[in-house]
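The values are calculated or read from the model by the stated rules, or taken from the named source; none is laboratory data. Just so it is clear, the structure is predicted and the values come from calculations on it, not from any experiment. With ideal geometry, Cβ positions are generated from the backbone for all residues, glycine too; neighbour counts draw on all protein chains shown. All accessible areas refer to the heavy atoms of the entire protein, side chains included, with ligands and DNA or RNA removed. Shrake-Rupley method; radii C 1.70, N 1.55, O 1.52, S 1.80 Å.
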Amino acid sequence: ALAHDVEPERVAVGDGASQLLASAAQALMEPGDELVTPWPSYPLYPIMARRVRGSFVPVHGFDVDALLAAVTDRTRLLMLCNPNDPTGHYVPASELGPLLAVLPERVYVLLDEALVHFQDVEEADACLKLVNAFPRLLVVRTFSKAYGLSGLRAGYAVAAPEVLDALLV
């Protein structure tokens with residue numbers, strides 16, 4: 001919590017970023033809900049949607065307007081791998097903030113920052129700092145990539161306390 005200048009109640013620890021992301025999808029999605037994400041991306045995302053009997057909505061490319069156009073009244077999650085695996089595309093905080101501001105209230109954004117330390121576009125915590133202004137943003141990170149601890153299976157999420165409470169039930 002101190003490393004990111006956030007309160008401890010905004011941090012949850014889990015069995016790696018994948019477990020935290022899957023738990024978030026389980027907690028926030030219901031059957032019939034949609035998970036929207038730029039594609040191609042991390043192959044866990046479609047599986048997360050299927051596990052809760054939801055729909056996976058791939059958006060080809062990484063255009064913010066195209067992502068917004070894909071959001072419907074059934075969309076519950078917008079998943080962003082940032083930087084994206086495998087393409088390397090990065091959405092800076094200056095684009096992410098305006099996107100968060102116009103999303104419908106029922107849409108949560110899961111920001112997968114497993115590879116954030118491998119970008120040099122901006123400070124590593126630039127997008128993470130947006131959790132203070134956007135209560136439906138959940139940022140997930142892992143220790144396995146940049147810190148070389150893949151066997152440890154340790155990750156953490158930063159979000160509003162009420163989002164983390166739903167995640168940890």
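Quick one: count up the residues across the range 14-46 that are modelled with pLDDT of 90 or more and either over 15 Å from the mean Cα position of the chain (by Cα) or among the aromatic types (F, W, Y) (or both).
The total comes to 8.
Given (1) surrounded by 13 or more Cβ atoms within 10 Å (Cβ to Cβ); (2) closer than 12 Å to V36 by Cα; (3) of a type in the set (A, V, I, L, M, F, W, C), where does A69 come up short, assuming only one miss?
Of the numbered conditions (1) surrounded by 13 or more Cβ atoms within 10 Å (Cβ to Cβ); (2) closer than 12 Å to V36 by Cα; (3) of a type in the set (A, V, I, L, M, F, W, C), the odd one out for A69 is (1).
Quick one: what pairs do we get from the range 57-73, first residue among the aromatic types (F, W, Y), second assigned to a strand (DSSP E or B), C-beta under 8 Å, 6+ apart or different chains?
F62/P38
With the requirement that a residue be out of contact with any Phe, Trp or Tyr (no Cβ under 6 Å at 6 or more places or on another chain) and closer than 19 Å to T142 by Cβ, what does the range 68-81 give you?
Matches in the range 68-81: L80 only.
Within the range 19-48, how many residues turn out to be more than 16 Å from A157 (Cβ to Cβ), of a type in the set (A, V, I, L, M, F, W, C) and open to solvent by 20 Å² or more (accessible area, probe 1.4 Å)?
2
Scanning the range 110-142 for residues that are among the aliphatic types (A, V, I, L, M) and part of a helix (DSSP H, G or I), which turns out most open to solvent (accessible area, probe 1.4 Å)?
Result: L130.
Restrict the check to the range 49-64 and report whether at least one residue is among the aromatic types (F, W, Y), at pLDDT below 95 and not in a helix (DSSP H, G or I).
Within the range 49-64, one or more residues are among the aromatic types (F, W, Y), at pLDDT below 95 and not in a helix (DSSP H, G or I).
Looking only at the range 1-45, filter to residues that are assigned to a helix (DSSP H, G or I) and free of Cβ contacts under 8 Å to residues at least 12 places away in the same chain; which one of those is nearest to P83 (Cα to Cα)?
Residue satisfying both the conditions and the ranking: A3.
Are any of the residues in the range 86-109 touching an Asp or Glu at 6+ places or on another chain (Cβ under 7 Å) and part of a helix (DSSP H, G or I)?
yes
Answer yes or no as to whether R76 is part of a helix (DSSP H, G or I), basic (K, R) and modelled with pLDDT of 95 or more.
Taking the combined requirement at face value, the residue does not satisfy it.
Considering (1) of a type in the set (A, V, I, L, M, F, W, C); (2) touching a helix residue (DSSP H, G or I) at 6+ places or on another chain (Cβ under 9 Å); (3) open to solvent by 60 Å² or more (accessible area, probe 1.4 Å); (4) over 25 Å from R10 (Cα atoms), say which one F56 fails and leave the rest.
Of everything listed in (1) of a type in the set (A, V, I, L, M, F, W, C); (2) touching a helix residue (DSSP H, G or I) at 6+ places or on another chain (Cβ under 9 Å); (3) open to solvent by 60 Å² or more (accessible area, probe 1.4 Å); (4) over 25 Å from R10 (Cα atoms), F56 misses just condition (3).
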